Amino acid sequence: MELQVEERALAPQQVASITGHVLVKDLDDFIGRSLERLHAFTTGQGGRVSGAPLGIYHGQINHEDDGPIEVCLPVEGSFRTSGDVAIRELPGGRAAVVAIRDEYCSFPKILEAYEAGYDWIAGHGYRHAEPPREVWIGAAESGGPIDIVWLFE
C-alpha cells in the first residue's frame, strides 16, 4: 500500500477526553477503557457522540516512552466535568491526512503513516501546528480504517 497524503480543512470539534501515560503494550487496553468511560460520561449527562473517537499523542508511545495520550470522543451537549474527564474544543484548520488500513493500523507499521504526514508538511514548507491525531474510524484489530491527522500552518 502506497501511503497517500490528502489535505483537508477541519472544523473545530468539542470532545470529552481522558489523558494518561502508558507504554505501547498497555495502549489498546487504555484506549478501550477510556472510550467506555467517555461513552458512559456522555450518555449519562444527556449528550450525544458526534464523530469517530480519536487519540492525540502529546508524546511518543513505544516500549520505553509513555506519551501521554489523550483519548477523545467528539460530543455534542453541555457537560459538567467529572474526575479525570475533561471537555474541550479541538482546533480546526488545515490538515495533512493519511488514511490507512490493514497492517498499517498496528504498531510499528503505523509509524510509517505518521512519518508520511510529517514529511509532507515539511516538504511543502509548512510547520506542524499541534501533536498528531489518530482518528479511529474503524477498529485497528479489524484493519481500520484509521486517519492519521496533522494540523499545520
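The values are calculated or read from the model by the stated rules, or taken from the named source; none is laboratory data. Bear in mind that the values here come from a model prediction, so they are computed numbers and not experimental data. Note that each Cβ is placed from the backbone with ideal geometry, even for glycine, and that neighbours are counted across all protein chains shown. Ligands, DNA and RNA are excluded from the accessible area calculation, which covers all protein heavy atoms including side chains. Shrake-Rupley method; radii C 1.70, N 1.55, O 1.52, S 1.80 Å.
Scanning segment 80-103 for residues that are over 26 Å from Glu7 (Cβ atoms) and of a type in the set (D, E, K, R), which turns out surrounded by the fewest Cβ atoms within 10 Å (Cβ to Cβ)? Talk me through it step by step, then tell me what you get.
Start the filter on segment 80-103 by keeping residues that are over 26 Å from Glu7 (Cβ atoms), which leaves 80-87.
Remaining after also requiring of a type in the set (D, E, K, R): 80, 84.
Numbers: Arg80: 8, Asp84: 11.
For segment 80-103, the residue satisfying everything is Arg80.
Where the second residue is of a type in the set (Phe, Trp, Tyr) and the first is within 18 Å of Asp147 (Cα to Cα) and lies in segment 57-78, which pairs have Cβ atoms under 6 Å and are six or more apart or on separate chains?
Ile69/Tyr57
Residues in segment 109-126 that are open to solvent by less than 40 Å² (accessible area, probe 1.4 Å) and either closer than 15 Å to Tyr57 by Cα or hydroxyl-bearing (Ser, Thr, Tyr) (or both): how many?
Here is the first cut: in segment 109-126, the residues open to solvent by less than 40 Å² (accessible area, probe 1.4 Å) are 110, 113-114, 116-117, 121.
Checking the rest, the ones that are also either closer than 15 Å to Tyr57 by Cα or hydroxyl-bearing (Ser, Thr, Tyr) (or both) come to 110, 113-114, 117.
Adding up the residues that qualify gives 4.
State all residues of segment 28-38 that are more than 14 Å from the chain's Cα centre (by Cα) and within 17 Å of Gly138 (Cβ to Cβ); if no residue qualifies, say none.
Listed by number, the list is empty, since nothing qualifies.
What about Gly55, is it assigned to a loop (DSSP other than H, G, I, E, B), open to solvent by less than 30 Å² (accessible area, probe 1.4 Å) and small (Gly, Ala, Ser)?
no
Would you check if His63 is in contact with a Pro (Cβ under 7 Å, 6 or more places away or on another chain), open to solvent by 50 Å² or more (accessible area, probe 1.4 Å) and closer than 17 Å to Val22 by Cβ?
Taking the combined requirement at face value, the residue does not satisfy it.
Only one of (1) open to solvent by less than 40 Å² (accessible area, probe 1.4 Å); (2) assigned to a helix (DSSP H, G or I); (3) farther than 20 Å from Leu151 by Cα fails for Ile18. Which number is that?
Evaluating Ile18 over (1) open to solvent by less than 40 Å² (accessible area, probe 1.4 Å); (2) assigned to a helix (DSSP H, G or I); (3) farther than 20 Å from Leu151 by Cα leaves (2) as the failure.
Would you mind stating whether Ser34 is among the polar types (S, T, N, Q), under 9 Å from Leu73 (Cα atoms) and either modelled with pLDDT of 95 or more or open to solvent by 50 Å² or more (accessible area, probe 1.4 Å) (or both)?
Working: among the polar types (S, T, N, Q): yes; under 9 Å from Leu73 (Cα atoms): no; either modelled with pLDDT of 95 or more or open to solvent by 50 Å² or more (accessible area, probe 1.4 Å) (or both): yes.
No, not satisfied.
Looking at segment 127-137, is at least one residue more than 16 Å from the chain's Cα centre (by Cα), open to solvent by 40 Å² or more (accessible area, probe 1.4 Å) and at pLDDT 95 or above?
Keep residues of segment 127-137 that are more than 16 Å from the chain's Cα centre (by Cα), which gives 127.
Restricting the remaining residues to those that are open to solvent by 40 Å² or more (accessible area, probe 1.4 Å) gives 127.
Retained after the next criterion (residues that are at pLDDT 95 or above): 127.
Yes, segment 127-137 has at least one match.
Being within 22 Å of Val22 (Cβ to Cβ), touching a Gly at 6+ places or on another chain (Cβ under 6 Å), surrounded by 13 or more Cβ atoms within 10 Å (Cβ to Cβ) and at pLDDT 95 or above is the requirement here; does Val71 meet it? Walk me through how you get there before you give the answer.
On the way: within 22 Å of Val22 (Cβ to Cβ): yes; touching a Gly at 6+ places or on another chain (Cβ under 6 Å): yes; surrounded by 13 or more Cβ atoms within 10 Å (Cβ to Cβ): yes; at pLDDT 95 or above: yes.
Judged against the criteria, Val71 is a match.
Scan segment 33-52 residue by residue and report those that are of a type in the set (A, V, I, L, M) and assigned to a loop (DSSP other than H, G, I, E, B).
We begin by selecting, within segment 33-52, every residue of a type in the set (A, V, I, L, M); these are 35, 38, 40, 49, 52.
Matches in segment 33-52: Ala52 only.
Modelled with pLDDT of 95 or more, polar (S, T, N, Q) and surrounded by fewer than 18 Cβ atoms within 10 Å (Cβ to Cβ): is that true of Ser106 in this structure? Please lay out each step first, then the result.
Numbers: modelled with pLDDT of 95 or more: no; polar (S, T, N, Q): yes; surrounded by fewer than 18 Cβ atoms within 10 Å (Cβ to Cβ): yes.
Against the criterion (modelled with pLDDT of 95 or more, polar (S, T, N, Q) and surrounded by fewer than 18 Cβ atoms within 10 Å (Cβ to Cβ)), Ser106 does not qualify.
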